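Data block below; observations after.
The values are calculated or read from the model by the stated rules, or taken from the named source; none is laboratory data. In this text the structure is predicted, and so the values were computed from the model without any measurement. Neighbour counts run over all protein chains shown; Cβ positions are idealised from the backbone, glycine included.
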Amino acid sequence: ERLPLAPGVADVARMLGLDPPAFAASAGEDYKLCVCVPPDARQAAEAAAPITWIGTVEAGEPSLDLGPRGAALRGFEHEL
């Protein structure tokens, strides 16, 4: 629920029949970077750049869990 969406992204996702947060998290035209920051570096990260905190990292298989939707996502792969 905390994943920011650029204006119009939700409309485009719905026109394509996709979940807007899932579309934003996995589409190829990213407008934000997703990074991991150790808890003890939080203040330094916030001082260096505007950050939207969307979750935490936990042990297990790599995935992005979008909460109640239960969608585990893979990253975008550009065509060769």
Residues of the stretch 44-80 satisfying the condition of being surrounded by 10 or more Cβ atoms within 10 Å (Cβ to Cβ) and at pLDDT 85 or above: A44, A45, E46, A48, I51, W53
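Filter the stretch 1-17 down to the residues that are of a type in the set (A, V, I, L, M, F, W, C) and modelled with pLDDT under 85, then identify the one that is nearest to G55 (Cα to Cα).
Residues of the stretch 1-17 of a type in the set (A, V, I, L, M, F, W, C): 3, 5-6, 9-10, 12-13, 15-16.
Subset that is modelled with pLDDT under 85: 3, 5-6.
On the way: L3: 9, L5: 15, A6: 19 Å.
Once the filter is applied, the top-ranked residue is L3.
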